[in-house]
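Below: one structure, written as C-alpha coordinates.
The values are calculated or read from the model by the stated rules, or taken from the named source; none is laboratory data. The shown structure was predicted, so the numbers you read here are calculated from the model rather than taken from an experiment. Methodologically, a virtual Cβ is constructed for each residue, glycine included, from the backbone with ideal geometry; neighbour enumeration extends over all protein chains shown.
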Amino acid sequence: MKPSLPQGTRDFGPEVVRKRQYILQIIQKQFELFGFQPIETPAFEHLETLMGKYGDEGDKLIFKIINNGLERNEKHEQARIDFEQILNGKNAKGLTERALKYDLTIPFARYVAMNHAQLNMPFKRYQIQPVWRADRPQKGRYREFTQCDADIVGSKSIWNEVELIEIYKDVFEQLNLPVKICLNNRKILTALASMCGNENDLTNITVAIDKLDKIGIEKVNEELKQRGIDEKGIEKINEYLTIAKEDLSNQEILSALQHMFEHHAIGLAGIAELTYVCDNCDYIYIDVSLARGLNYYTGSIIEVKPEGIQLGSIGGGGRYDDLTGLFGVKDIAGVGISFGVDRIYDALEELNLFPSNTHNSLQVMLVNFGMEYETMNKKVLQQLRAKNISCELYPEAIKFDKQLKYANKRQVNYIGMIGEDELKEGKISIKNFMTGEQKVVDVNEIELH
(Lines give C-alpha, C1' and ligand atoms only; values in the text may rest on other atoms or scores of the structure.)
Protein backbone atom coordinates (compact mmCIF):
# COMPACT_ATOMS: atom_id res chain seq x y z
CA MET A 1 0.00 0.00 0.00
CA LYS A 2 1.33 3.40 -0.96
CA PRO A 3 1.33 5.67 2.14
CA SER A 4 -0.91 8.74 1.91
CA LEU A 5 -2.71 11.28 4.08
CA PRO A 6 -6.47 11.78 4.48
CA GLN A 7 -7.70 14.82 2.55
CA GLY A 8 -7.58 18.02 4.54
CA THR A 9 -4.80 16.85 6.88
CA ARG A 10 -1.05 17.48 6.84
CA ASP A 11 2.24 16.26 8.25
CA PHE A 12 4.46 18.95 9.76
CA GLY A 13 8.25 18.61 9.44
CA PRO A 14 10.69 20.25 11.90
CA GLU A 15 10.90 23.58 10.06
CA VAL A 16 7.11 23.93 9.84
CA VAL A 17 6.63 22.93 13.49
CA ARG A 18 9.15 25.56 14.59
CA LYS A 19 7.36 28.23 12.61
CA ARG A 20 4.04 27.15 14.12
CA GLN A 21 5.61 27.24 17.59
CA TYR A 22 6.80 30.78 16.89
CA ILE A 23 3.16 31.80 16.26
CA LEU A 24 1.77 29.84 19.21
CA GLN A 25 4.35 31.16 21.67
CA ILE A 26 3.48 34.77 20.80
CA ILE A 27 -0.25 34.07 21.19
CA GLN A 28 0.16 32.11 24.43
CA LYS A 29 2.41 34.81 25.91
CA GLN A 30 -0.31 37.43 25.27
CA PHE A 31 -3.01 35.20 26.77
CA GLU A 32 -0.95 34.82 29.93
CA LEU A 33 -0.05 38.52 29.98
CA PHE A 34 -3.77 39.39 29.99
CA GLY A 35 -4.50 37.01 32.89
CA PHE A 36 -6.00 34.00 31.06
CA GLN A 37 -5.61 30.46 32.40
CA PRO A 38 -5.11 27.30 30.29
CA ILE A 39 -7.54 24.38 30.08
CA GLU A 40 -7.92 21.37 27.76
CA THR A 41 -10.98 19.32 26.75
CA PRO A 42 -11.21 15.88 25.04
CA ALA A 43 -10.81 15.42 21.29
CA PHE A 44 -14.39 14.13 21.08
CA GLU A 45 -17.66 14.90 22.81
CA HIS A 46 -21.10 13.33 23.04
CA LEU A 47 -22.86 13.91 19.73
CA GLU A 48 -25.74 15.65 21.50
CA THR A 49 -23.26 18.13 23.02
CA LEU A 50 -22.31 19.40 19.55
CA MET A 51 -25.36 18.94 17.34
CA GLY A 52 -27.72 21.88 16.98
CA LYS A 53 -25.19 24.43 18.26
CA TYR A 54 -23.67 25.60 14.97
CA GLY A 55 -26.71 25.99 12.72
CA ASP A 56 -27.62 23.73 9.83
CA GLU A 57 -24.43 24.57 7.91
CA GLY A 58 -22.19 23.73 10.87
CA ASP A 59 -24.02 20.54 11.85
CA LYS A 60 -23.30 19.11 8.40
CA LEU A 61 -19.56 19.50 9.03
CA ILE A 62 -19.39 17.59 12.32
CA PHE A 63 -17.25 14.43 12.14
CA LYS A 64 -19.24 11.61 13.71
CA ILE A 65 -17.45 8.66 15.30
CA ILE A 66 -18.66 5.12 14.65
CA ASN A 67 -19.30 3.12 17.82
CA ASN A 68 -17.04 0.15 18.46
CA GLY A 69 -18.36 -3.39 18.98
CA LEU A 70 -19.73 -3.79 15.45
CA GLU A 71 -17.56 -6.81 14.75
CA ARG A 72 -20.30 -9.13 16.00
CA ASN A 73 -22.40 -10.47 13.12
CA GLU A 74 -25.76 -9.76 14.73
CA LYS A 75 -24.96 -6.03 14.77
CA HIS A 76 -24.05 -5.71 11.09
CA GLU A 77 -27.61 -5.42 9.77
CA GLN A 78 -28.57 -2.86 12.40
CA ALA A 79 -25.37 -0.92 11.61
CA ARG A 80 -26.32 -0.85 7.92
CA ILE A 81 -29.78 0.52 8.73
CA ASP A 82 -28.34 3.08 11.12
CA PHE A 83 -25.78 4.20 8.55
CA GLU A 84 -28.53 4.77 5.98
CA GLN A 85 -30.33 6.93 8.54
CA ILE A 86 -27.19 9.03 9.04
CA LEU A 87 -26.84 9.50 5.29
CA ASN A 88 -30.42 10.78 5.33
CA GLY A 89 -29.52 13.34 8.00
CA LYS A 90 -30.91 11.43 10.98
CA ASN A 91 -29.11 10.48 14.18
CA ALA A 92 -28.71 6.73 14.56
CA LYS A 93 -27.86 6.21 18.21
CA GLY A 94 -26.90 2.59 17.70
CA LEU A 95 -24.11 3.54 15.30
CA THR A 96 -22.74 6.86 16.50
CA GLU A 97 -22.98 8.56 19.87
CA ARG A 98 -19.85 10.72 19.80
CA ALA A 99 -18.18 13.20 17.45
CA LEU A 100 -14.87 15.02 17.05
CA LYS A 101 -15.11 18.56 18.35
CA TYR A 102 -16.01 21.16 15.74
CA ASP A 103 -14.57 24.09 17.70
CA LEU A 104 -13.37 24.91 21.22
CA THR A 105 -16.29 27.14 22.26
CA ILE A 106 -19.08 24.58 22.73
CA PRO A 107 -16.81 22.13 24.63
CA PHE A 108 -15.78 25.09 26.79
CA ALA A 109 -19.43 25.92 27.46
CA ARG A 110 -19.97 22.29 28.46
CA TYR A 111 -16.90 22.53 30.75
CA VAL A 112 -18.24 25.69 32.42
CA ALA A 113 -21.70 24.14 32.84
CA MET A 114 -20.17 21.12 34.57
CA ASN A 115 -17.74 23.11 36.76
CA HIS A 116 -19.35 26.53 37.31
CA ALA A 117 -19.77 26.00 41.06
CA GLN A 118 -15.99 25.62 41.47
CA LEU A 119 -14.87 28.31 39.01
CA ASN A 120 -13.79 31.74 40.26
CA MET A 121 -15.94 34.12 38.19
CA PRO A 122 -15.22 35.94 35.99
CA PHE A 123 -13.25 33.01 34.61
CA LYS A 124 -10.69 33.77 31.89
CA ARG A 125 -9.49 30.72 29.98
CA TYR A 126 -7.37 30.05 26.95
CA GLN A 127 -7.19 26.81 25.02
CA ILE A 128 -4.87 25.68 22.20
CA GLN A 129 -5.98 22.37 20.65
CA PRO A 130 -6.87 20.76 17.31
CA VAL A 131 -10.46 20.66 16.01
CA TRP A 132 -12.03 18.80 13.08
CA ARG A 133 -14.55 19.71 10.37
CA ALA A 134 -15.82 17.60 7.48
CA ASP A 135 -15.30 20.52 5.13
CA ARG A 136 -14.19 20.57 1.51
CA PRO A 137 -10.40 21.09 1.67
CA GLN A 138 -9.06 24.18 -0.09
CA LYS A 139 -6.49 26.91 0.43
CA GLY A 140 -6.63 28.02 4.06
CA ARG A 141 -9.35 25.47 4.92
CA TYR A 142 -8.50 22.09 6.42
CA ARG A 143 -10.34 19.18 8.01
CA GLU A 144 -7.95 19.11 10.96
CA PHE A 145 -6.57 22.37 12.26
CA THR A 146 -5.49 24.09 15.46
CA GLN A 147 -7.58 26.70 17.24
CA CYS A 148 -6.38 29.12 19.89
CA ASP A 149 -9.26 30.49 21.95
CA ALA A 150 -9.49 33.02 24.75
CA ASP A 151 -12.82 33.46 26.57
CA ILE A 152 -14.14 35.38 29.55
CA VAL A 153 -17.27 34.02 31.24
CA GLY A 154 -19.22 35.33 34.21
CA SER A 155 -19.12 39.01 33.21
CA LYS A 156 -21.42 41.14 31.03
CA SER A 157 -19.01 44.08 30.84
CA ILE A 158 -18.23 45.27 27.30
CA TRP A 159 -14.75 46.10 28.61
CA ASN A 160 -14.01 42.42 28.01
CA GLU A 161 -14.42 43.00 24.26
CA VAL A 162 -11.89 45.83 24.47
CA GLU A 163 -9.36 43.53 26.18
CA LEU A 164 -9.83 40.74 23.64
CA ILE A 165 -9.46 43.13 20.70
CA GLU A 166 -6.30 44.48 22.34
CA ILE A 167 -4.91 40.93 22.37
CA TYR A 168 -5.58 40.70 18.64
CA LYS A 169 -3.79 44.00 18.05
CA ASP A 170 -0.75 43.06 20.14
CA VAL A 171 -0.35 39.57 18.65
CA PHE A 172 -0.52 40.67 15.03
CA GLU A 173 1.81 43.60 15.70
CA GLN A 174 4.37 41.16 17.14
CA LEU A 175 3.93 38.89 14.12
CA ASN A 176 4.38 41.96 11.86
CA LEU A 177 1.26 40.85 10.02
CA PRO A 178 -0.96 43.74 8.83
CA VAL A 179 -4.61 43.00 9.58
CA LYS A 180 -8.02 44.62 9.63
CA ILE A 181 -10.00 44.00 12.85
CA CYS A 182 -13.71 44.23 12.01
CA LEU A 183 -16.61 44.60 14.42
CA ASN A 184 -20.39 44.34 14.31
CA ASN A 185 -23.16 43.48 16.76
CA ARG A 186 -25.80 40.74 16.57
CA LYS A 187 -28.32 42.95 18.34
CA ILE A 188 -28.32 45.18 15.27
CA LEU A 189 -28.87 42.11 13.08
CA THR A 190 -31.70 41.01 15.38
CA ALA A 191 -33.31 44.43 14.88
CA LEU A 192 -32.84 44.01 11.12
CA ALA A 193 -34.60 40.64 11.24
CA SER A 194 -37.44 42.29 13.18
CA MET A 195 -37.72 45.01 10.53
CA CYS A 196 -37.94 42.25 7.90
CA GLY A 197 -40.95 40.81 9.67
CA ASN A 198 -39.73 38.11 12.02
CA GLU A 199 -36.84 37.88 14.53
CA ASN A 200 -36.91 34.10 14.01
CA ASP A 201 -35.43 34.75 10.56
CA LEU A 202 -32.21 35.99 12.18
CA THR A 203 -30.26 32.81 11.41
CA ASN A 204 -31.49 32.71 7.80
CA ILE A 205 -30.47 36.33 7.33
CA THR A 206 -27.06 36.08 9.02
CA VAL A 207 -26.05 32.88 7.22
CA ALA A 208 -26.84 34.57 3.89
CA ILE A 209 -25.24 37.98 4.43
CA ASP A 210 -22.17 36.37 6.03
CA LYS A 211 -21.35 35.19 2.49
CA LEU A 212 -21.47 38.69 0.97
CA ASP A 213 -17.69 38.93 0.44
CA LYS A 214 -17.60 35.51 -1.21
CA ILE A 215 -20.67 35.48 -3.48
CA GLY A 216 -21.76 39.10 -3.92
CA ILE A 217 -25.07 40.87 -3.29
CA GLU A 218 -27.06 39.20 -6.10
CA LYS A 219 -26.29 35.70 -4.86
CA VAL A 220 -27.01 36.80 -1.29
CA ASN A 221 -30.44 38.04 -2.43
CA GLU A 222 -31.10 34.70 -4.15
CA GLU A 223 -30.21 32.82 -0.99
CA LEU A 224 -32.38 35.12 1.14
CA LYS A 225 -35.30 34.40 -1.18
CA GLN A 226 -34.65 30.65 -0.95
CA ARG A 227 -34.62 30.97 2.82
CA GLY A 228 -38.11 32.47 2.82
CA ILE A 229 -37.36 36.18 3.14
CA ASP A 230 -39.97 38.20 1.19
CA GLU A 231 -39.23 41.04 -1.26
CA LYS A 232 -39.90 43.74 1.32
CA GLY A 233 -37.46 42.09 3.73
CA ILE A 234 -34.79 41.70 1.05
CA GLU A 235 -35.20 45.38 0.18
CA LYS A 236 -34.67 46.34 3.82
CA ILE A 237 -31.57 44.08 4.04
CA ASN A 238 -30.16 45.69 0.89
CA GLU A 239 -30.71 49.13 2.42
CA TYR A 240 -28.77 47.95 5.46
CA LEU A 241 -25.93 46.45 3.37
CA THR A 242 -25.62 49.72 1.43
CA ILE A 243 -23.90 51.09 4.53
CA ALA A 244 -21.20 48.43 4.06
CA LYS A 245 -20.62 49.37 0.42
CA GLU A 246 -19.84 53.01 1.13
CA ASP A 247 -16.41 54.14 2.31
CA LEU A 248 -17.56 55.58 5.62
CA SER A 249 -15.76 56.29 8.87
CA ASN A 250 -16.85 54.46 12.01
CA GLN A 251 -18.63 57.59 13.22
CA GLU A 252 -20.50 57.94 9.92
CA ILE A 253 -21.54 54.27 10.06
CA LEU A 254 -22.78 54.68 13.64
CA SER A 255 -24.81 57.72 12.57
CA ALA A 256 -26.34 55.81 9.64
CA LEU A 257 -27.22 52.88 11.91
CA GLN A 258 -28.68 55.25 14.51
CA HIS A 259 -30.96 56.68 11.87
CA MET A 260 -32.01 53.29 10.48
CA PHE A 261 -32.79 51.71 13.88
CA GLU A 262 -33.98 54.77 15.81
CA HIS A 263 -37.24 53.02 16.73
CA HIS A 264 -35.77 49.62 17.62
CA ALA A 265 -34.56 49.31 21.22
CA ILE A 266 -32.46 46.20 20.66
CA GLY A 267 -30.80 47.80 17.63
CA LEU A 268 -29.98 50.92 19.64
CA ALA A 269 -28.52 48.73 22.40
CA GLY A 270 -26.22 47.10 19.81
CA ILE A 271 -25.20 50.51 18.47
CA ALA A 272 -24.37 51.67 22.02
CA GLU A 273 -22.10 48.64 22.48
CA LEU A 274 -20.42 49.30 19.13
CA THR A 275 -19.87 52.92 20.13
CA TYR A 276 -18.27 51.92 23.46
CA VAL A 277 -15.79 49.56 21.82
CA CYS A 278 -14.95 52.09 19.09
CA ASP A 279 -14.30 54.77 21.73
CA ASN A 280 -11.75 52.46 23.38
CA CYS A 281 -10.22 50.88 20.26
CA ASP A 282 -9.49 53.46 17.56
CA TYR A 283 -7.90 50.85 15.26
CA ILE A 284 -11.03 48.75 14.54
CA TYR A 285 -13.40 48.94 11.59
CA ILE A 286 -17.18 48.61 11.82
CA ASP A 287 -18.38 46.16 9.15
CA VAL A 288 -22.18 45.93 9.05
CA SER A 289 -21.98 42.94 6.65
CA LEU A 290 -20.16 40.93 9.30
CA ALA A 291 -22.64 38.36 10.60
CA ARG A 292 -20.74 35.19 11.68
CA GLY A 293 -23.59 32.76 11.13
CA LEU A 294 -23.27 30.79 14.38
CA ASN A 295 -26.42 30.58 16.47
CA TYR A 296 -24.89 31.27 19.86
CA TYR A 297 -23.65 34.86 19.35
CA THR A 298 -25.81 37.52 21.02
CA GLY A 299 -23.81 40.77 20.99
CA SER A 300 -20.43 41.87 19.66
CA ILE A 301 -19.03 39.88 16.74
CA ILE A 302 -15.39 40.25 15.69
CA GLU A 303 -13.40 39.12 12.67
CA VAL A 304 -9.76 39.61 11.69
CA LYS A 305 -8.71 39.69 8.04
CA PRO A 306 -5.12 39.85 6.74
CA GLU A 307 -4.25 42.73 4.45
CA GLY A 308 -2.38 42.32 1.19
CA ILE A 309 -3.41 38.70 0.71
CA GLN A 310 -6.57 36.81 -0.30
CA LEU A 311 -7.05 34.26 2.48
CA GLY A 312 -10.28 34.86 4.38
CA SER A 313 -10.47 35.54 8.10
CA ILE A 314 -7.60 34.54 10.41
CA GLY A 315 -9.46 35.17 13.65
CA GLY A 316 -12.92 35.80 14.97
CA GLY A 317 -15.24 35.64 17.92
CA GLY A 318 -18.02 37.36 19.78
CA ARG A 319 -20.33 37.58 22.76
CA TYR A 320 -22.65 34.80 23.85
CA ASP A 321 -24.71 35.80 26.87
CA ASP A 322 -26.28 32.41 27.59
CA LEU A 323 -24.18 29.74 25.91
CA THR A 324 -24.14 27.51 29.00
CA GLY A 325 -27.95 27.65 28.94
CA LEU A 326 -27.65 25.01 26.22
CA PHE A 327 -26.53 22.69 29.02
CA GLY A 328 -29.07 23.71 31.65
CA VAL A 329 -26.96 26.37 33.41
CA LYS A 330 -28.57 29.76 32.83
CA ASP A 331 -27.31 33.34 32.83
CA ILE A 332 -23.54 32.89 32.54
CA ALA A 333 -22.46 35.62 30.14
CA GLY A 334 -19.40 35.13 27.98
CA VAL A 335 -17.29 36.55 25.18
CA GLY A 336 -14.37 35.05 23.33
CA ILE A 337 -12.01 35.18 20.37
CA SER A 338 -10.16 32.59 18.33
CA PHE A 339 -6.93 32.63 16.30
CA GLY A 340 -6.77 30.59 13.10
CA VAL A 341 -3.20 29.34 13.46
CA ASP A 342 -3.11 27.49 10.13
CA ARG A 343 -4.25 30.51 8.15
CA ILE A 344 -1.91 32.79 10.10
CA TYR A 345 0.92 30.43 9.14
CA ASP A 346 -0.12 30.55 5.48
CA ALA A 347 -0.29 34.35 5.57
CA LEU A 348 3.17 34.72 7.16
CA GLU A 349 4.62 32.22 4.69
CA GLU A 350 3.12 33.90 1.64
CA LEU A 351 4.18 37.36 2.78
CA ASN A 352 7.64 36.06 3.83
CA LEU A 353 7.26 37.42 7.37
CA PHE A 354 8.77 34.61 9.43
CA PRO A 355 12.04 35.60 11.18
CA SER A 356 15.10 33.89 9.71
CA ASN A 357 15.97 32.19 13.01
CA THR A 358 12.71 30.24 13.47
CA HIS A 359 14.10 27.19 11.66
CA ASN A 360 17.37 27.04 13.61
CA SER A 361 17.25 25.00 16.83
CA LEU A 362 20.74 23.48 17.00
CA GLN A 363 23.41 26.02 17.96
CA VAL A 364 26.47 23.79 18.38
CA MET A 365 27.52 20.45 16.91
CA LEU A 366 30.56 18.63 18.27
CA VAL A 367 32.54 16.67 15.71
CA ASN A 368 33.03 13.00 16.62
CA PHE A 369 36.66 11.85 16.30
CA GLY A 370 36.22 8.56 18.17
CA MET A 371 35.30 6.91 21.45
CA GLU A 372 38.48 8.09 23.23
CA TYR A 373 37.13 11.66 23.11
CA GLU A 374 33.60 10.91 24.38
CA THR A 375 34.29 11.74 28.05
CA MET A 376 35.55 15.23 27.16
CA ASN A 377 32.74 15.74 24.63
CA LYS A 378 30.16 14.78 27.25
CA LYS A 379 31.62 17.32 29.67
CA VAL A 380 31.34 20.05 27.00
CA LEU A 381 27.74 19.07 26.17
CA GLN A 382 26.76 19.27 29.83
CA GLN A 383 28.34 22.72 30.21
CA LEU A 384 26.64 24.11 27.11
CA ARG A 385 23.23 22.70 28.01
CA ALA A 386 23.55 24.15 31.52
CA LYS A 387 23.79 27.53 29.77
CA ASN A 388 20.65 26.75 27.69
CA ILE A 389 22.72 26.34 24.53
CA SER A 390 21.33 23.61 22.28
CA CYS A 391 24.03 21.19 21.20
CA GLU A 392 24.74 17.62 20.17
CA LEU A 393 27.66 15.28 19.43
CA TYR A 394 27.52 13.67 16.01
CA PRO A 395 26.79 10.05 17.03
CA GLU A 396 29.35 8.30 14.79
CA ALA A 397 33.04 8.89 14.02
CA ILE A 398 32.55 9.02 10.25
CA LYS A 399 34.50 11.14 7.75
CA PHE A 400 34.97 14.74 8.80
CA ASP A 401 33.47 16.11 5.57
CA LYS A 402 30.25 14.14 6.07
CA GLN A 403 29.89 15.50 9.59
CA LEU A 404 30.38 19.05 8.33
CA LYS A 405 27.81 18.43 5.60
CA TYR A 406 25.30 17.36 8.28
CA ALA A 407 26.09 20.46 10.37
CA ASN A 408 25.63 22.67 7.33
CA LYS A 409 22.21 21.17 6.55
CA ARG A 410 21.20 21.67 10.19
CA GLN A 411 22.35 25.28 9.84
CA VAL A 412 24.25 25.23 13.12
CA ASN A 413 26.02 28.38 14.23
CA TYR A 414 29.12 26.67 15.64
CA ILE A 415 31.01 23.41 15.43
CA GLY A 416 33.23 22.19 18.25
CA MET A 417 36.23 19.92 17.75
CA ILE A 418 38.15 17.95 20.38
CA GLY A 419 41.01 16.08 18.77
CA GLU A 420 44.25 14.63 20.10
CA ASP A 421 45.93 17.99 20.86
CA GLU A 422 42.79 19.50 22.42
CA LEU A 423 42.32 16.43 24.62
CA LYS A 424 45.88 16.65 25.99
CA GLU A 425 45.52 20.35 26.82
CA GLY A 426 41.88 20.28 28.04
CA LYS A 427 40.80 22.58 25.24
CA ILE A 428 38.25 22.71 22.40
CA SER A 429 38.40 24.31 18.96
CA ILE A 430 35.29 26.36 18.24
CA LYS A 431 34.50 27.42 14.67
CA ASN A 432 31.86 29.99 13.83
CA PHE A 433 30.07 28.38 10.91
CA MET A 434 28.68 31.72 9.78
CA THR A 435 31.92 33.77 9.68
CA GLY A 436 34.56 31.02 9.42
CA GLU A 437 36.38 32.41 12.49
CA GLN A 438 38.00 29.70 14.63
CA LYS A 439 39.54 29.82 18.11
CA VAL A 440 40.86 27.42 20.74
CA VAL A 441 39.56 27.85 24.30
CA ASP A 442 39.65 25.99 27.61
CA VAL A 443 36.73 23.54 27.90
CA ASN A 444 35.72 25.28 31.13
CA GLU A 445 35.61 28.72 29.52
CA ILE A 446 33.46 28.27 26.41
CA GLU A 447 31.76 31.50 25.34
CA LEU A 448 29.78 31.89 22.13
CA HIS A 449 29.40 35.28 20.45
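Do we have any residue at all in region 184-203 that's assigned by TED's automatic domain parsing to the domain that holds MET260, acidic (Asp, Glu) and in contact (Cβ under 8 Å) with a residue 60 or more places away in the chain? For region 184-203, residues assigned by TED's automatic domain parsing to the domain that holds MET260, acidic (Asp, Glu) and in contact (Cβ under 8 Å) with a residue 60 or more places away in the chain: absent. The set of residues in region 306-319 being in contact (Cβ under 8 Å) with a residue 40 or more places away in the chain and surrounded by fewer than 21 Cβ atoms within 10 Å (Cβ to Cβ) consists of GLU307, GLY308, ILE309, LEU311, GLY312. Restricting ASN352, ASN357, ASN377 to residues that are without any contact (Cβ under 8 Å) to a residue 60 or more places away in the chain, buried (at least 20 other Cβ atoms within 10 Å of the Cβ) and not hydrophobic (A, V, I, L, M, F, W, C) narrows the list to ASN377.
Scanning region 291-335 for residues that are assigned to a loop (DSSP other than H, G, I, E, B) and touching a Leu at 6+ places or on another chain (Cβ under 7 Å) yields a count of 4. Exactly one residue out of ILE152, ILE167 is farther than 29 Å from GLU231 by Cα and part of a helix (DSSP H, G or I), and it is ILE167. With the requirement that a residue be part of a strand (DSSP E or B) and surrounded by fewer than 19 Cβ atoms within 10 Å (Cβ to Cβ), what does region 276-290 give you? The answer is TYR285, and nothing else. Among the residues of region 170-180, the ones that are assigned to a helix (DSSP H, G or I) and more than 16 Å from the chain's Cα centre (by Cα) come to 2 in all. Could you list, in sequence order, all residues of region 403-428 that are more than 12 Å from MET376 (Cβ to Cβ), surrounded by fewer than 20 Cβ atoms within 10 Å (Cβ to Cβ) and in contact with a helix residue (DSSP H, G or I) (Cβ under 8 Å, 6 or more places away or on another chain)? Result: GLN411, single match. Is region 416-431 home to any residue that is in contact with a Phe, Trp or Tyr (Cβ under 6 Å, 6 or more places away or on another chain) and among the polar types (S, T, N, Q)? Scanning region 416-431 turns up no residue that is in contact with a Phe, Trp or Tyr (Cβ under 6 Å, 6 or more places away or on another chain) and among the polar types (S, T, N, Q). Considering region 339-449, the qualifying helices (runs of 4 or more DSSP H), each wholly inside and each with 2 or more residues that are among the basic types (Lys, Arg), run over 374-386, 400-410. Within region 214-263, being surrounded by 13 or more Cβ atoms within 10 Å (Cβ to Cβ), farther than 30 Å from TYR283 by Cβ and among the polar types (S, T, N, Q) holds for one residue alone: ASN221. A residue that is touching a helix residue (DSSP H, G or I) at 6+ places or on another chain (Cβ under 8 Å), within 30 Å of PRO178 (Cα to Cα) and surrounded by 15 or more Cβ atoms within 10 Å (Cβ to Cβ) can be found somewhere in region 320-329. Taking into account only those residues within region 362-412 that are among the basic types (Lys, Arg) and closer than 21 Å to ASN432 by Cβ, which is nearest to the chain's Cα centre (by Cα)? If we take residues in region 362-412 being among the basic types (Lys, Arg) and closer than 21 Å to ASN432 by Cβ, then ARG410 is nearest to the chain's Cα centre (by Cα).
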